[in-house]
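What follows is a set of notes on a single structure, which appears directly below.
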Amino acid sequence: MSTLLEVAPLLTRFDPVIGTLGDAPLVKRHLTDLRGCFRDADAFERVLAKGNPLVYSVAAVEPAAGDGDLHYGLGIVHPGMVGDEYFLTRGHLHTWREAAELYIRLSGEGVMLLEDEATGESRMLPLLPNTLVYVPGHTAHRTINTGDVPLVYLGVYPAAAGHDYGALAGRNFRYVVVQHNGQPCLQKREQIHD
Ligand code: ZN
């Protein structure tokens, strides 16, 4: 008979530089994996012509679990730009749309882009020292590094949440976060800044 204490590891060590989290597999996303995510396709090809940089990594602890359990992941988004757009994660909705998530910044500087799936209402929220971001259900979310060093964060979500990347694959987020006068700025995707 298994006991409650065997359901999930009670103590997990993480490495905020390498990005490992316990024994969880380290998933790496390079620039080629993010084709179509950035607004400026020409800038994307120009960056890619110089190499295929690692953009982000995620390690998630997701054991088979019951309804009340939690899953969690350690993410690292590396610094970099594609045109005026910062390096970012692909972003997702949760398969179980009601599932919320808590993002806790560990180091670096960045923002989260949130988008209400039904209304398209979007928000840019800072991941700065002594802040955390609550992502409600039914909200697409993407993490963006706006600084010069890796952005490291923990995400904690219901074990039943699941990840739905497909819903955004066709249309992408309605807004982009671009650098304008040295600051992150939220713009509609179609709007080209000169
Ligand atoms: Zn999530």
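The values are calculated or read from the model by the stated rules, or taken from the named source; none is laboratory data. Remember, it's a predicted structure, so these values are computed and weren't measured experimentally. Cβ atoms come from the backbone with ideal geometry, glycine included; neighbour counts cover every protein chain shown.
Restricting region 145-159 to residues that are in a strand (DSSP E or B) and within 14 Å of the ligand (Cβ to nearest atom), which is farthest from Y103 (Cα to Cα)?
So the residue we want is P158.
Could you list, in sequence order, all residues of region 168-180 that are surrounded by fewer than 15 Cβ atoms within 10 Å (Cβ to Cβ) and at pLDDT below 95?
Correct list: A169, G170, R171.
Restricting region 81-91 to residues that are in contact with a helix residue (DSSP H, G or I) (Cβ under 7 Å, 6 or more places away or on another chain) and closer than 24 Å to A161 by Cβ, which is farthest from the ligand (Cβ to nearest atom)?
R90
Working carefully through the options R97, R142, find the one that is within 12 Å of the ligand (Cβ to nearest atom), surrounded by 18 or more Cβ atoms within 10 Å (Cβ to Cβ) and either polar (S, T, N, Q) or more than 16 Å from P16 (Cα to Cα) (or both).
R142
Does at least one position in region 27-44 carry a residue that is more than 22 Å from Y165 (Cα to Cα) and not in a loop (DSSP other than H, G, I, E, B)?
Yes, the conditions are met somewhere in region 27-44.
Cβ-Cβ distance below 8 Å, separation of 6 or more or different chains: which pairs start in region 81-108 with a residue that is without any contact (Cβ under 8 Å) to a residue 24 or more places away in the chain and end on one that is of a type in the set (A, V, I, L, M) and surrounded by 15 or more Cβ atoms within 10 Å (Cβ to Cβ)?
Once the first residue is without any contact (Cβ under 8 Å) to a residue 24 or more places away in the chain and sits in region 81-108, no partner that is of a type in the set (A, V, I, L, M) and surrounded by 15 or more Cβ atoms within 10 Å (Cβ to Cβ) comes close enough.
What single numbered condition from (1) under 17 Å from the mean Cα position of the chain (by Cα); (2) more than 21 Å from R171 (Cβ to Cβ); (3) free of Cβ contacts under 8 Å to residues at least 40 places away in the same chain fails to hold for R35?
(2)
For L128, work out the one condition from (1) surrounded by fewer than 16 Cβ atoms within 10 Å (Cβ to Cβ); (2) within 11 Å of the ligand (Cβ to nearest atom); (3) aliphatic (A, V, I, L, M) it doesn't fulfil.
(2)
Which one is nearest to G147 (Cα to Cα) among residues in region 100-122 that are assigned to a loop (DSSP other than H, G, I, E, B) and more than 13 Å from the ligand (Cβ to nearest atom)?
E109
Hey, does region 160-178 have a residue that's within 16 Å of the ligand (Cβ to nearest atom), part of a loop (DSSP other than H, G, I, E, B) and out of contact with any Ser or Thr (no Cβ under 8 Å at 6 or more places or on another chain)?
Yes, there is a match, as at least one residue in region 160-178 is within 16 Å of the ligand (Cβ to nearest atom), part of a loop (DSSP other than H, G, I, E, B) and out of contact with any Ser or Thr (no Cβ under 8 Å at 6 or more places or on another chain).
Can you find a residue in region 57-76 that is away from the ligand (no atom under 16 Å from the Cβ) and under 20 Å from E115 (Cβ atoms)?
no
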